[in-house]
Amino acid sequence: MNPVLLLLAGSLVLLSPQTIDRLSATVTTRQVQQGKSVTIRGEMFYQRNGNMVTHFTFPREVVILANKLGETRIYDPRRNAVIRYQNESFSTQTTQLAFFLNGTTSDMGLSRLGFVQDKTTANGKLLITEWRLKTPNAKMPIQRVRIVYDRANPIYMHYTDSAGKIIRKVFYYDYQPIEGRPFPATTTEIVYQDKDSTVSKTVYADFRLNHAANSSYFDYVIPATAKTDQ
């Protein structure tokens with residue numbers, strides 16, 4: 001499976017159980033790595049019970065189903081084949097973007113991941129929080145995290161390793177109100193690997209809520225005839 005699709009499977013989750021029963025949006029991601037650019041387009045469909053379906057239509061069709069238990073199925077209609085995963089990291093309640101519509105951006109899920117806040121500084125209207133592992137573990141790839149807020153909205157995060165090197169940056173911008181909660185319609189992520197980096201820009205658009213969100217993909221069922229890939 002294309003790693004870009006797996007990346008999106010873990011990032012395209014919107015969650016606001018108190019006010020949103022159904023939500024759909026279009027998603028466009030452009031990723032650049034080693035001088036090559038890939039564009040992926042699709043739609044995502046979220047329900048209050050935590051079930052979420054992402055239907056990618058370009059460059060090829062793929063359907064990803066995920067739930068709050070971390071059960072994920074990636075279906076390739078062309079091959080009529082499905083890959084299954086069971087991992088809490090794929091839960092629709094633990095993805096970063098979920099915290100925006102949950103109204104729980106104060107820690108961006110870091111507390112649940114075993115981090116504690118150990119420093120806070122202010123720079124004009126910006127608030128900067130620093131996070132470290134609650135239980136030191138030199139084997140963990142991420143040792144510290146920084147979050148920068150513009151008033152109450154996160155606008156930047158970075159993650160550092162044991163050597164103090166930044167291994168990932170995320171920028172949040174183009175905020176739009178979704179049921180009264182600010183949501184960044186555009187995110188840019190930079191992942192550093194060895195001497196190269198991968199840059200991904202994701203844009204969400206055409207938000208539809210509740211009764212306005214109508215699609216058969218909300219109740220998508222993978223065909224019973226689909227074969228299972230290992």
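Of all residues in region 28-55, those satisfying the criterion of being closer than 18 Å to VAL191 by Cα, part of a strand (DSSP E or B) and out of contact with any Phe, Trp or Tyr (no Cβ under 8 Å at 6 or more places or on another chain) are THR29, ARG30, GLN31, VAL32, GLN33, LYS36, SER37, VAL38.
Exactly one residue among LYS139, LYS119 is part of a loop (DSSP other than H, G, I, E, B) and over 19 Å from the mean Cα position of the chain (by Cα), and that residue is LYS139.
Pull up region 190-222, narrow it to residues that are open to solvent by 50 Å² or more (accessible area, probe 1.4 Å) and small (Gly, Ala, Ser), then point me to the one that is nearest to GLN31 (Cα to Cα). Looking at residues that are open to solvent by 50 Å² or more (accessible area, probe 1.4 Å) and small (Gly, Ala, Ser), I get SER216. Taken over region 99-131, residues that are of a type in the set (Asp, Glu) and touching a residue at least 24 places away in the same chain (Cβ under 8 Å) amount to 1.
Test of understanding: among THR29, THR39, which residue is under 23 Å from ILE178 (Cβ atoms) and of a type in the set (S, T, N, Q)?
Answer to the selection: THR29.
Of the listed requirements (1) modelled with pLDDT of 95 or more; (2) open to solvent by 80 Å² or more (accessible area, probe 1.4 Å), LYS119 misses just one: (1). Of the residues making up region 167-189, those that are of a type outside the set (Ser, Thr, Tyr), out of contact with any Leu (no Cβ under 9 Å at 6 or more places or on another chain) and open to solvent by less than 20 Å² (accessible area, probe 1.4 Å) are VAL170, ALA185.
The single residue among ARG208, ARG181 that is of a type in the set (Lys, Arg) and touching a strand residue (DSSP E or B) at 6+ places or on another chain (Cβ under 9 Å) turns out to be ARG208. The residues of region 122-136 that are basic (Lys, Arg) and not in a strand (DSSP E or B), listed by number, are LYS125, LYS134.
Within region 122-133, the residues that satisfy the criterion of being within 14 Å of TYR156 (Cβ to Cβ) and either open to solvent by less than 70 Å² (accessible area, probe 1.4 Å) or of a type in the set (D, E, K, R) (or both) are LYS125, LEU126, LEU127, ILE128, THR129, GLU130, TRP131. Scanning region 66-93 for residues that are within 22 Å of ALA185 (Cα to Cα) and either buried (at least 19 other Cβ atoms within 10 Å of the Cβ) or at pLDDT 95 or above (or both) turns up ALA66, PHE90, SER91, THR92.
A count restricted to region 94-107 and to residues that are at pLDDT 85 or above and touching a strand residue (DSSP E or B) at 6+ places or on another chain (Cβ under 6 Å) stands at 1. It is to be established whether one or more residues within region 148-166 are open to solvent by 20 Å² or more (accessible area, probe 1.4 Å), within 23 Å of LEU23 (Cα to Cα) and touching a helix residue (DSSP H, G or I) at 6+ places or on another chain (Cβ under 9 Å). Yes; the residues of region 148-166 include at least one that is open to solvent by 20 Å² or more (accessible area, probe 1.4 Å), within 23 Å of LEU23 (Cα to Cα) and touching a helix residue (DSSP H, G or I) at 6+ places or on another chain (Cβ under 9 Å).
The values are calculated or read from the model by the stated rules, or taken from the named source; none is laboratory data. None of the values given here were measured: they were computed from a predicted structure. Here Cβ is always computed from backbone atoms with ideal geometry, including for glycine, and neighbour counts include all displayed protein chains. What goes into the accessible areas is simple: the full protein's heavy atoms, side chains included, and nothing from ligands, DNA or RNA. Shrake-Rupley method; radii C 1.70, N 1.55, O 1.52, S 1.80 Å.
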